[in-house]
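Reading through the structure tokens given below for one structure.
The values are calculated or read from the model by the stated rules, or taken from the named source; none is laboratory data. Because the structure is a prediction, the values reported are computed rather than measured. Please note: Cβ atoms are built from the backbone with ideal geometry, for glycine as well, and neighbour counts cover all protein chains shown.
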Amino acid sequence: MNIVVCVKQVPEITDVKVNPETGTLVREGVASILNPFCEYALDHAARLKASREDVHITALTMGPPQARGALLRCLELGADRGVLVTDRKFAGADTWATALTLSAAVKRTEPEYDLILVGKQAIDGDTAQVGPEMAEILGLPQIMYGVEMEFTPNGKRVRVKREVEAGYQLIEARLPALVSASKGERIRRVPSLADVIAARQKELLVISASELDLDENQLGLMGSFTQVVKIFPPSEKKGGRRLEGLSPEAAAKEIAAYLRAEQFIGD
Amino acid sequence: MHEITSRPVPPADFAKVRMVEGFDEIKSRFPTYLSDESKLTLQPFDYLFFPKDEEELAAVVKEMGRRGVKVTIAGARTGLVGGCVPPEGALISLEHFDRVLSIYHVSQAEEWRLRVQGAVTLRDLNEMAMHKRFPDLERCGDEQVLAELKRFKDERTAYFYPPDPTETSASLGGTVATNASGARTFRYGPTRAWVRGIRVMLANGEFLEIPRGKYFASPSGWFVIYDSEGKDYPVRIPDYAMPRTKNTSGFFTSPYMDLIDLFIGSEGAFGVITEVDVALLQLQERISIVQFTKSDEQAIALVETLRADKRLKLDFLEFYAETAIEILRERQKEDPKAVDMPPIPAQARAAVFFDLAFDPLAEKPELDALEEVIASCGESVANSWAGYEARERTRFKVFRHVLPEWINATVAQRKKKHPGLHKLGTDLAVPDERLKDMWEVYKQALESAGLEWLAYGHIGNNHVHLNVLARNMDEFQKAQGLYAEFAKKAVKFGGTVSAEHGIGKTKLKFLSAMFSHEQIAQMRAVKKSLDPKDLINPGNIFLS
């Protein structure tokens with residue numbers, strides 16, 4: 001059984017900072033991490049691998065050369081092989097061009113795939129589109145927002161418990177299929193030093209645009225139907241007032257007086 | 001040069017300094033100023049001052065001196081031994097001394113330095129250095145400062161300040177006064193090793209500017225300080241030998257010592273530190289590793305091997321004893337999210353935690369030596385946790401704090417039934433070659449006493465924190481008796497009774513376990529030369 005986990009490297013950001021002059025994201029001093037939902041997808045792949053002997057996991061990403069870091073993390077956490085699809089020609093890709101590129105890379109590097117796993121969305125773009133688009137491009141059944149998954153005993157189908165608004169659905173799909181993950185391990189896994197060392201001895205394939213069965217006008221900005229015009233943070237909230245150095249009683253009195261003065265509470 | 005002259009600052013109007021008068025007023029409006037992290041409180045005191053600059057500080061100290069009122073100095077009040085808890089008189093909070101003054105490069109030393117006021121916190125200092133954002137400097141308008149700042153920013157490297165006392169809200173001045181240390185002292189030494197200059201106000205209200213490397217004790221062990229009117233204050237430095245461990249008990253001394261070192265770690269006995277020059281170091285990427293072992297003894301053997309291998313440059317080397325791992329396992333069962341780490345491997349009994357340089361993207365990371373050392377101690381790298389992303393390393397640090405937090409909570413819980421109980425933690429350190437001996441002393445005594453205990457901490461510096469969790473007052477007294485014995489043993493092994501917490505007001509009795517009457521008299525003599533009326537920080541280190 002061949003599982004391909006498609007992952008993305010994202011900036012580790014809790015609040016978006018935008019350079020007011022250029023209108024672009026401030027990336028200085030911001031570390032890059034494996035997108036948390038992609039790590040969930042990998043968690044499920046590792047569980048599936050633990051359930052059967054014949055599972056082989058490929059972690060695949062499209063990104064700049066330093067996206068290798070995200071693949072190394074996948075290799076530490078149980079992937080058997082990494083594939084980095086990198087080329088300047090991919091720059092500016094929207095979700096469609098990305099899905100097209102990833103699909104072509106899957107076909108090129110793991111044509112005998114049984115299951116493609118993705119995270120439900122990336123924490124930087126938050127579109128949640130790339131997975132479903134890949135399923136369309138590859139003509140696969142797709143199950144989104146998976147929280148639990150298993151292969152049926154005959155290995156022909158995948159059974160997924162997925163989140164829906166009112167609860168959960170249990171859905172089966174024939175393989176090959178594409179599944180997105182919205183939850184993984186509750187406590188994030190930690191590799192051992194042995195895993196860190198072994199990850200750097202595993203196969204990590206680097207391929208470029210010319211190795212994919214795609215035209216140049218299907219790649220990057222050229223192949224994109226959408227374009228980000230502007231990124232901007234929501235308007236900032238005004239800072240509140242902080243009471244310091246007061247006893248609890250004095251502080252409570254001060255707060256009560258304020259609430260009364262502003263007519264939040266009655267006299 | 002062993003002579004130095006103090007200078008006055010233009011006087012401020014004492015009446016304009018922000019002051020709170022009367023203990024009741026202080027207690028009701030500023031209750032947090034009554035103590036520090038030791039939770040010690042003493043007699044009522046009369047004044048609380050908030051000087052906003054050196055002129056005001058000098059005005060307060062001179063006026064209090066004139067009235068014969070003693071003053072205690074407070075930074076961020078994060079100390080553990082009551083150093084800033086006033087026994088009488090006045091408390092001066094330096095919280096307004098919170099500005100960064102300059103950044104500059106010293107080409108001879110090939111290092112960047114920061115000059116800051118004493119109340120800048122460690123956390124702020126490191127955030128500013130790492131992200132190269134200095135609001136105070138950016139607004140200062142001084143062209144020379146701005147030019148140096150630009151040079152610093154243009155360098156692509158990130159920087160940090162190596163001393164890492166656990167409490168990052170500590171003020172820099174406080175950490176200098178106490179020569180604070182932390183886990184990274186293992187590699188980088190205590191605060192002393194990173195202080196390049198201080199500005200300090202003496203009891204006479206005048207200031208000394210002391211750069212490192214300029215004023216040294218005379219061959220016969222003297223400094224002479226002159227005030228601006230030419231009056232001299234001769235200071236004879238003590239002649240005892242310092243322990244061969246990290247140490248915060250007693251004043252620092254050594255032949256031909258640098259004057260700056262007399263002030264660093266003096267627990268505020270000689271003056272008020274208002275400004276500090278510190279050196280920064282280039283920040284490298286690192287990997288944090290928790291290596292589990294089969295027993296305490298195996299962990300100690302691993303520590304000794306890791307320390308001896310010169311190829312390995314570990315930043316810190318921490319210990320989780322068997323007793324600590326058991327508690328962490330229990331905590332994981334009760335509330336996995338609170339511990340936020342995967343289950344501790346079943347075969348793990350104890351662990352060591354360390355950190356070393358690591359480039360995650362390197363084709364061939366240099367981990368061979370480490371793997372070899374771990375295997376040579378009969379342990380497996382498969383029984384470990386490793387993380388190098390910032391968020392992962394933070395997680396490892398949080399994990400380290402689970403134990404002290406659990407201890408505090410447990411003691412607080414038991415205190416409800418036995419109000420006399422309080423936290424019982426040791427701060428003893430011994431030289432490297434005595435680590436194993438000291439551990440045997442601890443373990444044997446604690447096990448045969450049948451007490452509930454655990455151990456963790458800075459094993460790289462042979463500075464393991466023992467904690468006894470007394471279940472009643474009998475056990476509490478038994479533990480106190482054992483601690484006194486341990487302290488004697490540590491001193492006998494050439495170690496110290498206080499490796500990092502200091503003596504302050506709560507550990508006075510330990511000082512005499514380490515120093516003779518004559519040696520303590522030498523310390524008193526230094527204090528008397530610099531502060532003849534015992535005006536500043538009375539009651540710290542020894543009773544007035």
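Hey, which of the strands (runs of 3 or more DSSP E) in segment A:67-164, taking only ones fully inside, have at least 1 residues that are more than 24 Å from A:SER208 (Cα to Cα) and aromatic (Phe, Trp, Tyr)? If you could, list the steps in order and put the result at the bottom.
On the way: elements: A:81-85, A:115-119, A:142-151, A:157-164.
Here the list reads A:142-151.
Among the residues of segment B:367-395, which ones are among the hydroxyl-bearing types (Ser, Thr, Tyr) and within 10 Å of chain A (Cβ to nearest Cβ)?
Residues satisfying the conditions are B:SER380, B:SER384, B:TYR388.
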query: Restricting the search to segment A:44-66, which residues are closer than 26 Å to B:GLU285 by Cα and part of a helix (DSSP H, G or I)?
result: A:PRO65, A:GLN66
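Condition first: among the β-branched types (Val, Ile, Thr) and surrounded by 13 or more Cβ atoms within 10 Å (Cβ to Cβ). Now tell me which residues in segment A:155-169 satisfy that. If you could, list the steps in order and put the result at the bottom.
Our first condition is that a residue be among the β-branched types (Val, Ile, Thr); within segment A:155-169, this holds for A:158, A:160, A:164.
Result: A:VAL158, A:VAL160.
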task: Find the residue count for segment A:172-199, including only residues that are within 22 Å of the chain's Cα centre (by Cα), of a type outside the set (S, T, N, Q) and outside any helix (DSSP H, G or I).
output: 14
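Within segment A:113-122, is even one residue in contact with a helix residue (DSSP H, G or I) (Cβ under 9 Å, 6 or more places away or on another chain) and at pLDDT below 95? Please lay out each step first, then the result.
Going residue by residue through segment A:113-122, those that are in contact with a helix residue (DSSP H, G or I) (Cβ under 9 Å, 6 or more places away or on another chain) are A:113, A:115-122.
When the remaining residues are screened for being at pLDDT below 95, the result is A:121-122.
Yes, segment A:113-122 contains at least one residue that is in contact with a helix residue (DSSP H, G or I) (Cβ under 9 Å, 6 or more places away or on another chain) and at pLDDT below 95.
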- request: Out of the residues in segment B:154-178 that are within 14 Å of another protein chain (Cβ to nearest Cβ) and aromatic (Phe, Trp, Tyr), state the one that is farthest from the chain's Cα centre (by Cα).
  value: B:TYR159
- prompt: Based on what the data block shows, is B:GLY173 out of contact with any Leu (no Cβ under 6 Å at 6 or more places or on another chain) and not in a helix (DSSP H, G or I)?
  reply: no
field: segment A:93-122 residues that are more than 16 Å from A:VAL83 (Cα to Cα), paired with ones that are of a type in the set (D, E, K, R) (beta carbon under 7 Å, 6 or more apart)
entry: A:THR95/A:GLU133; A:TRP96/A:GLU133; A:ALA122/A:LYS8
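Taking segment B:197-234 as the region of interest, how many residues are of a type in the set (D, E, K, R) and part of a strand (DSSP E or B)? Working first, answer last.
Quick first cut of segment B:197-234, residues of a type in the set (D, E, K, R) only: B:199, B:206, B:209, B:212, B:214, B:227, B:229, B:231-232.
Applying the additional criterion that residues be part of a strand (DSSP E or B) yields B:199, B:209, B:232.
Within segment B:197-234, residues that are of a type in the set (D, E, K, R) and part of a strand (DSSP E or B) number 3.
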- prompt: Within segment B:301-334, restricting attention to residues that are in contact (Cβ under 8 Å) with a residue 40 or more places away in the chain and assigned to a loop (DSSP other than H, G, I, E, B), which residue is farthest from the other protein chains (Cβ to nearest Cβ)?
  reply: B:ALA321
Matching residues in segment B:286-300 - criterion: being over 11 Å from B:TRP439 (Cβ atoms) and either within 14 Å of chain A (Cβ to nearest Cβ) or in contact (Cβ under 8 Å) with a residue 60 or more places away in the chain (or both): B:ARG286, B:ILE287, B:SER288, B:ILE289, B:VAL290, B:GLN291, B:PHE292, B:THR293, B:LYS294, B:GLN298
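Specify which of the listed residues (B:ALA484, B:ALA470, B:ALA513) is at pLDDT below 95, in contact with a helix residue (DSSP H, G or I) (Cβ under 6 Å, 6 or more places away or on another chain) and surrounded by fewer than 23 Cβ atoms within 10 Å (Cβ to Cβ).
On the way: B:ALA484 fails: in contact with a helix residue (DSSP H, G or I) (Cβ under 6 Å, 6 or more places away or on another chain); B:ALA470 fails: surrounded by fewer than 23 Cβ atoms within 10 Å (Cβ to Cβ).
Going through B:ALA484, B:ALA470, B:ALA513 in turn, the sole match is B:ALA513.
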- request: Considering (1) within 14 Å of chain B (Cβ to nearest Cβ); (2) without any contact (Cβ under 8 Å) to a residue 12 or more places away in the chain, say which one A:ALA166 fails and leave the rest.
  value: (1)
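Which one of B:VAL430, B:VAL411 is of a type outside the set (S, T, N, Q) and modelled with pLDDT under 95?
B:VAL411
Would you mind finding the one in B:LEU262, B:LEU208, B:LEU280 that is closer than 30 Å to B:PHE14 by Cβ, under 22 Å from the mean Cα position of the chain (by Cα) and not charged (D, E, K, R)? Explain how you work it out, then say what you get.
Working: B:LEU208 fails: under 22 Å from the mean Cα position of the chain (by Cα); B:LEU280 fails: closer than 30 Å to B:PHE14 by Cβ.
Result: B:LEU262 is the single residue among B:LEU262, B:LEU208, B:LEU280 that is closer than 30 Å to B:PHE14 by Cβ, under 22 Å from the mean Cα position of the chain (by Cα) and not charged (D, E, K, R).
Scan segment A:53-73 for residues that are within 21 Å of B:LYS364 (Cβ to Cβ) and within 13 Å of chain B (Cβ to nearest Cβ) and jot them down. Quick ask: steps written out before the conclusion?
Narrowing segment A:53-73 to residues within 21 Å of B:LYS364 (Cβ to Cβ): A:59, A:65-73.
Across segment A:53-73, the qualifying residues are A:PRO65, A:GLN66, A:ALA67, A:ARG68, A:GLY69, A:ALA70, A:LEU71, A:LEU72, A:ARG73.
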Pairs with Cβ under 9 Å, 6+ apart, first in segment B:439-464 and outside the structural domain of B:ASP296 (by TED's automatic domain parsing), second surrounded by fewer than 22 Cβ atoms within 10 Å (Cβ to Cβ): none
Failed item, numbered, when A:SER224 is tested on (1) closer than 29 Å to A:VAL85 by Cα; (2) of a type in the set (Gly, Ala, Ser); (3) within 14 Å of another protein chain (Cβ to nearest Cβ): (3)
task: Report whether or not A:VAL206 is under 19 Å from the mean Cα position of the chain (by Cα) and in the same structural domain as A:ALA104 (by TED's automatic domain parsing).
output: no
message: Exactly one condition in (1) in a loop (DSSP other than H, G, I, E, B); (2) within 14 Å of chain A (Cβ to nearest Cβ) is false for B:GLY420; which is it?
response: (2)
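Looking only at segment A:204-215, decide whether some residue is surrounded by 13 or more Cβ atoms within 10 Å (Cβ to Cβ), over 26 Å from A:GLY92 (Cα atoms) and within 14 Å of another protein chain (Cβ to nearest Cβ). Walk me through it before giving the result.
Looking only at segment A:204-215, we keep the residues that are surrounded by 13 or more Cβ atoms within 10 Å (Cβ to Cβ), and these are A:204-209, A:211-212, A:214.
Now restrict to residues that are over 26 Å from A:GLY92 (Cα atoms): none.
No, that holds for no residue.
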- request: Give the residue, chosen from B:LYS364, B:LYS337, that is within 8 Å of chain A (Cβ to nearest Cβ), part of a loop (DSSP other than H, G, I, E, B) and exposed (fewer than 13 other Cβ atoms within 10 Å of the Cβ).
  value: B:LYS364
- request: Return the total of residues in segment B:66-100 being surrounded by fewer than 18 Cβ atoms within 10 Å (Cβ to Cβ) and either assigned to a strand (DSSP E or B) or small (Gly, Ala, Ser) (or both).
  value: 1
query: Being surrounded by fewer than 16 Cβ atoms within 10 Å (Cβ to Cβ) and at pLDDT 95 or above, is that true of even one residue in segment B:56-64?
result: no
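Which members of segment B:345-361 meet the condition of being more than 10 Å from every other protein chain (Cβ to nearest Cβ) and closer than 22 Å to B:GLY460 by Cβ? Step through it out loud before you land on a result.
In the first step, residues of segment B:345-361 are kept if they are more than 10 Å from every other protein chain (Cβ to nearest Cβ); the result is B:346-357, B:359.
B:ALA348, B:ARG349, B:ALA350, B:ALA351, B:VAL352, B:PHE353, B:PHE354, B:ASP355, B:LEU356, B:ALA357 - these are the residues of segment B:345-361 that are more than 10 Å from every other protein chain (Cβ to nearest Cβ) and closer than 22 Å to B:GLY460 by Cβ.
Looking at segment A:101-108, can you tell me whether even one residue there is surrounded by fewer than 19 Cβ atoms within 10 Å (Cβ to Cβ), small (Gly, Ala, Ser) and away from every other protein chain (no Cβ under 14 Å)? Break it down into steps so the answer makes sense when it comes.
In the first step, residues of segment A:101-108 are kept if they are surrounded by fewer than 19 Cβ atoms within 10 Å (Cβ to Cβ); the result is A:107-108.
Now restrict to residues that are small (Gly, Ala, Ser): none.
Looking through segment A:101-108, none of the residues is surrounded by fewer than 19 Cβ atoms within 10 Å (Cβ to Cβ), small (Gly, Ala, Ser) and away from every other protein chain (no Cβ under 14 Å).
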- prompt: Scanning for something over 22 Å from the mean Cα position of the chain (by Cα) and either over 30 Å from B:ARG395 (Cβ atoms) or within 14 Å of another protein chain (Cβ to nearest Cβ) (or both), does segment A:122-134 turn up at least one residue?
  reply: no
message: Of everything in segment A:173-203, what is in contact with a helix residue (DSSP H, G or I) (Cβ under 6 Å, 6 or more places away or on another chain), within 14 Å of chain B (Cβ to nearest Cβ) and at pLDDT 95 or above? Give them in sequence order.
response: A:PRO191, A:ASP195, A:VAL196, A:ALA199, A:LYS202
